[in-house]
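Below is one structure, written out as structure tokens, with a few remarks after it.
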């Protein structure tokens, strides 16, 4: 991996994994952090699935992130390991709730029903509040767009994302879901695929992907890079190099993400982050 460089242009586009842990027990134990993803895309900043600790990790990890510079928040579904910090980051994006600003895209059931996860007073401060629709592309600031892909996850509205930009590789994120027959087809364009994988072995009664499901996806899909994240307790203890070697193919490089990892989107290269002294150790990138 190459080190992150200071002084990059505003249009430097990358994915920064603020946390690579997933599901309730990893979240509670913080074996891995659960801060989701910071996306800098064509000069604009987004938080994707800001679970518990997203705000803290933005300040701990390098590159550091100022939540006041956020242009948008993208939420795949309402579960707490994906949405815990959505209100505090919306507050930051809207100048402490004093100015109408930014974009929030989330499932409809995240703002309806008995337990909406985005506070009502903050909704009025968001300039563009949009709900996902399967197959509908939504324009992002700049030249980018994101398409929602409906997933299947424990009775909640849940979506994956396909990001497109005219001068960068198409990439996608498969959030929490059970395997289904159209999944590979919907992400067929992606040169980079980020996949939430919770289990090593299939657990049919639980709507999360396993390593076996990833192997099935790679029978049909051949992205240049596939990144495993949102890892459960068992996978958090697995040997990442052995797993990567087992899954990688002649056409696809498989990477097991670590907290703090950065992928540059222009050329799909990995960057080595510098972890500050105050950051959590353990599964941070070396």
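Quick note: the coordinates plus some simple rules give every number you see, no bench work behind them. This one's a predicted model, so the numbers in the text were calculated from it and none came from an experiment. Ideal geometry is used to build each Cβ from the backbone, glycine not excepted, and the neighbour counts take in all protein chains shown.
Between residue 130 and residue 87, what's the calculated FRET efficiency when r is the beta-carbon distance and R0 is 25 Å? Round to 0.05. Taking R0 as 25 Å, the efficiency between residue 130 and residue 87 is 0.90. When you restrict to C-alpha pairs under 8 Å that are six or more residues apart and normalise by the size of the chain, the relative contact order lands at 19 percent.
The residues 152, 48, 15, when put in order of fewest to most other Cβ atoms within 10 Å, stand as 152, 48, 15. By the beta-carbon count within 10 Å of each Cβ, the least crowded to most crowded order of 158, 258, 216, fewest first, is 216, 258, 158.
Using the Cα gyration tensor of region 125-275, with a ≥ b ≥ c the square roots of its eigenvalues, what is the shape: rounded (a/c below 1.5), prolate (a/b larger than b/c) or oblate (neither)?
Oblate, since a/c reaches 1.5 and b/c is not below a/b.
I want the antiparallel fraction of DSSP beta bridges within region 53-190, as a percent rounded to 5.
60 percent
Considering all different alpha carbon pairs of region 65-108, the Kirkwood hydrodynamic radius works out to 10.7 Å.
Note on region 155-280: antiparallel DSSP beta bridges, both residues inside, total approximately 30 percent of the bridges counted. Sorted ascending by nearby beta carbons within 10 Å, beginning with the fewest, 125, 271, 100 become 100, 271, 125.
Considering only Cα atoms, the convex hull volume of the chain works out to 122 Å³ per residue. The Rg/Rh ratio for region 64-187 is 0.97, where Rg is the radius of gyration of the alpha carbons and Rh is the Kirkwood radius.
Using a Gaussian network model of the chain with C-alpha springs under 10 Å, which one of 75, 209, 243 is most mobile by mean-square fluctuation? Looking only at 75, 209, 243, the biggest GNM fluctuation is shown by 243.
Express as a percent, rounded to the nearest 5, the fraction of DSSP beta bridges in the chain (both residues included) that run antiparallel. Looking only at bridges with both residues in the chain, the antiparallel portion is about 50 percent.
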